[in-house]
Amino acid sequence: MFRFVVVFSLALGVLSGGKLSRLGELRLQRFQWIAGSFVVKFGSILLLTGRIAPSPVLCTVIALATYLMLFYGLYPNLRLPGFFALASGIFLNFLVIVANGGRMPVDPTGIGLDLLDSQVQALASSFTHQRITGNVRLRFLADIFGWKFLSKTPTTFSAGDVVMAAGIFWFILHTLHRGFPEAQNDVKIN
């Protein structure tokens with residue numbers, strides 16, 4: 001879904017007179033914290049998958065480390081167009097993940113899409129997602145919606161993902177049309 005939003009935003013921005021070159025002006029504060037959060041998340045998954053079974057404690061520790069680094073990195077950038085929506089969507093996902101043992105609950109059947117058996121089976125060993133159960137907390141924030149637009153494989157998404165996508169859309173359009181707000185002030189990545 002996010003790839004579609006990025007491509008659509010870029011295409012719409014260019015077709016409506018925006019300039020792709022303005023993305024080169026991108027300067028984020030605490031960028032290393034944002035990047036580091038992804039390293040922690042995906043590094044943990046690569047190192048642990050197949051070696052250790054996901055447990056609520058381990059998954060919660062990984063989720064807390066990942067999201068706290070991400071929020072710390074995003075905080076000074078909230079004034080940028082679309083970043084408040086992006087951070088709000090991330091926070092909604094964080095809430096449901098922490099409330100459910102560190103993994104995002106996924107509804108593979110209730111969304112009207114038939115996920116592949118391999119996708120459903122993969123949820124059991126995933127450090128980031130799990131099959132939704134009857135005692136899930138904050139179900140309305142879980143991955144309960146379906147997406148198959150321009151994709152061979154159906155996937156799920158959450159309300160937080162929609163809010164994040166709206167923030168990404170607004171940030172890209174704004175930047176293509178007006179440039180990156182801090183480009184004139186020469187804010188460096190620190």
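The values are calculated or read from the model by the stated rules, or taken from the named source; none is laboratory data. Since the structure is predicted, the reported quantities are computational estimates derived from the model, not experimental observations. Using ideal geometry, Cβ is built from the backbone for each residue, glycine included, and neighbour counts are taken over all protein chains shown.
With the structure loaded, tell me whether Gly17 is in contact (Cβ under 8 Å) with a residue 12 or more places away in the chain, loosely packed, with under 14 Cβ neighbours inside 10 Å and touching a helix residue (DSSP H, G or I) at 6+ places or on another chain (Cβ under 8 Å) or whether it fails that test. Write out each step before concluding.
Details: in contact (Cβ under 8 Å) with a residue 12 or more places away in the chain: yes; loosely packed, with under 14 Cβ neighbours inside 10 Å: yes; touching a helix residue (DSSP H, G or I) at 6+ places or on another chain (Cβ under 8 Å): yes.
Considered against the rule, which asks whether it is in contact (Cβ under 8 Å) with a residue 12 or more places away in the chain, loosely packed, with under 14 Cβ neighbours inside 10 Å and touching a helix residue (DSSP H, G or I) at 6+ places or on another chain (Cβ under 8 Å), Gly17 comes out as yes.
Can you spot a residue in segment 38-53 that is under 26 Å from Phe145 (Cβ atoms), buried (at least 18 other Cβ atoms within 10 Å of the Cβ) and at pLDDT 90 or above?
Scanning segment 38-53, I find at least one residue that is under 26 Å from Phe145 (Cβ atoms), buried (at least 18 other Cβ atoms within 10 Å of the Cβ) and at pLDDT 90 or above, so the answer is yes.
Do the conditions hold for Gly101, that is, is it at pLDDT below 90 and not in a helix (DSSP H, G or I)? Give the steps one after another, and end with the answer.
Details: at pLDDT below 90: no; not in a helix (DSSP H, G or I): yes.
No; evaluated as a whole, the condition is false for this residue.
When segment 20-37 is examined, which residues are found to be buried (at least 17 other Cβ atoms within 10 Å of the Cβ), on the phi < 0 side of the Ramachandran plot and either hydroxyl-bearing (Ser, Thr, Tyr) or in contact (Cβ under 8 Å) with a residue 60 or more places away in the chain (or both)? Break it down into steps so the answer makes sense when it comes.
Here is the first cut: in segment 20-37, the ones buried (at least 17 other Cβ atoms within 10 Å of the Cβ) are 22, 27-30, 33-34, 36-37.
Keeping just the survivors that are on the phi < 0 side of the Ramachandran plot gives 22, 27-29, 33-34, 36-37.
Within segment 20-37, Arg22, Arg27, Leu28, Gln29, Ser37 meet the criteria.
Among the residues of segment 57-81, write down those that are surrounded by 15 or more Cβ atoms within 10 Å (Cβ to Cβ), under 14 Å from Phe31 (Cα atoms) and more than 15 Å from the chain's Cα centre (by Cα).
Across segment 57-81, the qualifying residues are Pro76, Asn77, Leu80.
Tell me, please, whether a residue that is hydroxyl-bearing (Ser, Thr, Tyr), touching a residue at least 60 places away in the same chain (Cβ under 8 Å) and assigned to a helix (DSSP H, G or I) can be found in segment 147-155.
No: zero hits.
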